[in-house]
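First the structure, in the form of structure tokens, and then the observations on it.
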Amino acid sequence: MTVLVLAGTTEARRLLAELVGRGIDVVASLAGRTSDALPLPCPTRVGGFGGVDGLVRELQERGITALVDATHPFADVMPRHARDAAALAGVPHVRLERPAWVPRDGDAWVEVDGVHEAARALPSHGNVLLALGRMELDAFRSLDGVTLVVRAVDEPPPGPWDAVVLGRGPFAYDDERALLAEHRIDTVVLRNSGGPSRLLDAARDAGARVVLITRPRRAESLPTVTDVGAAVDWVQRTQ
Ligand SMILES: NC(=O)c1ccc[n+]([C@@H]2O[C@H](COP(=O)([O-])OP(=O)(O)OC[C@H]3O[C@@H](n4cnc5c(N)ncnc54)[C@H](OP(=O)(O)O)[C@@H]3O)[C@@H](O)[C@H]2O)c1
């Protein structure tokens, strides 16, 4: 009985710790995008599988009895590959995906499909906070008239950024308010990743507009659980 967890998220890390703590035999998989990934509490393989066929082989060769896809809500390819490979190999499969944020009273979000639409949704002038990953910034390079402040985990590639604020979340509400105030931000751009974020609260209270990038649309729904406890229960039911 061995569980394969497709990782790369906080939820995956927490799920792995829970499964290991229950004595369940588990293997983690990372795409290998970051060189400084924190070690996981179980044997970990790194790198792509080589598409659906490669993942089917991996499931068979390792004798995997359950597959949990706990990749990021914005991972577009892996969730489909996981579903297809699990079906071909006859292995039970579930996706662990944290719920998306939903607007609360006082929120006036502009929801957009992707970074290019986000760039088009920006006002012609003002101070914009781009709370995005380095891969998403290219779409904002050619904007004129707006002041661009980037908040990112790692130093972004050079660009027309008026300021760069480095930091790894989660951030406290007061720090988010201070960031918005310091740069007189009137528009915030971020992705609907879900999970803990005080940036939306701070933006609401500061009267800043939010341009929210929606999650990838999936052609078919996937069997999904939304929290680690439910994923543990699901694994235990399959064993
Ligand atoms: N997208 C984001 O914003 C984001 C944010 C934080 C963390 N991450 C993590 O970064 C990784 C890559 O994200 P992505 O958006 O590039 O995914 P993706 O577009 O869904 O996947 C692209 C390819 O990367 C490989 N891959 C992805 N996740 C893998 C995993 N856990 N183990 C082994 N191979 C994996 C697969 O290659 P093959 O086809 O060769 O198997 C997949 O086809 C994921 O683990 C994800 O959880 C992503």
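The values are calculated or read from the model by the stated rules, or taken from the named source; none is laboratory data. Since we're looking at a predicted model, the values are computed, not measured. Cβ sites come from the backbone with ideal geometry, for glycine too, and all protein chains shown count toward neighbours. Ligands, DNA and RNA are stripped out before the accessible areas are found, and what is left, the full protein with its side chains, is counted by its heavy atoms. Shrake-Rupley method; radii C 1.70, N 1.55, O 1.52, S 1.80 Å.
The set of residues from region 144-167 being open to solvent by 30 Å² or more (accessible area, probe 1.4 Å), touching a strand residue (DSSP E or B) at 6+ places or on another chain (Cβ under 9 Å), of a type outside the set (D, E, K, R) and outside any strand (DSSP E or B) comprises Gly145, Val153, Gly159, Pro160, Trp161. Within region 201-239, the set of residues being modelled with pLDDT under 95, among the hydrophobic types (A, V, I, L, M, F, W, C) and under 18 Å from the mean Cα position of the chain (by Cα) comprises Leu222 only. Take Thr214 and decide whether it is within 26 Å of Ala70 (Cβ to Cβ) and either hydroxyl-bearing (Ser, Thr, Tyr) or open to solvent by 60 Å² or more (accessible area, probe 1.4 Å) (or both). Yes, satisfied. The set of residues in region 75-113 that are surrounded by 14 or more Cβ atoms within 10 Å (Cβ to Cβ), away from the ligand (no atom under 11 Å from the Cβ) and farther than 14 Å from Glu58 by Cβ comprises Arg83, Pro92, Val94, Arg95, Arg98, Ala100, Trp101, Asp107, Trp109, Val110, Glu111, Val112. Considering only region 15-37, I want to know if a residue exists there that is over 20 Å from Val91 (Cα atoms), more than 11 Å from the ligand (Cβ to nearest atom) and at pLDDT below 95. So far as region 15-37 goes, yes, one or more of its residues are over 20 Å from Val91 (Cα atoms), more than 11 Å from the ligand (Cβ to nearest atom) and at pLDDT below 95. Within region 88-126, the residues that satisfy the criterion of being touching a helix residue (DSSP H, G or I) at 6+ places or on another chain (Cβ under 9 Å), at pLDDT 95 or above and part of a strand (DSSP E or B) are His93, Val94, Arg95, Leu96, Val110, Val112.
Criterion applied to Ala172, Ala121 was being touching a residue at least 40 places away in the same chain (Cβ under 8 Å) and within 20 Å of Leu199 (Cα to Cα), and the one residue passing it is Ala121. Taken together, Ala231, Ala181, Ala202 contain a single residue that is touching a residue at least 40 places away in the same chain (Cβ under 8 Å) and either aliphatic (A, V, I, L, M) or closer than 24 Å to Val112 by Cα (or both), which is Ala231. Checking each residue in region 59-68 for being over 17 Å from Ala231 (Cα atoms), open to solvent by 30 Å² or more (accessible area, probe 1.4 Å) and outside any loop (DSSP other than H, G, I, E, B) picks out Gln60, Glu61. Entry remark, region 22-47: residues being over 21 Å from Asp233 (Cα atoms) and open to solvent by less than 70 Å² (accessible area, probe 1.4 Å) number 7 in total.
The set of residues from region 1-21 being of a type in the set (S, T, N, Q) and surrounded by fewer than 19 Cβ atoms within 10 Å (Cβ to Cβ) comprises Thr2, Thr10.
Of the set (1) polar (S, T, N, Q); (2) near the ligand (Cβ under 10 Å from one of its atoms); (3) in a helix (DSSP H, G or I), all apply to Thr71 but (3). Looking only at region 171-200, residues that are within 16 Å of the ligand (Cβ to nearest atom), surrounded by 13 or more Cβ atoms within 10 Å (Cβ to Cβ) and part of a loop (DSSP other than H, G, I, E, B) come to 5 in all. Cβ-Cβ distances below 9 Å connect no pair with a first residue in region 57-79 that is free of Cβ contacts under 8 Å to residues at least 40 places away in the same chain and among the hydrophobic types (A, V, I, L, M, F, W, C), a second residue that is part of a loop (DSSP other than H, G, I, E, B) and more than 11 Å from the ligand (Cβ to nearest atom), and a separation of six or more residues or different chains.
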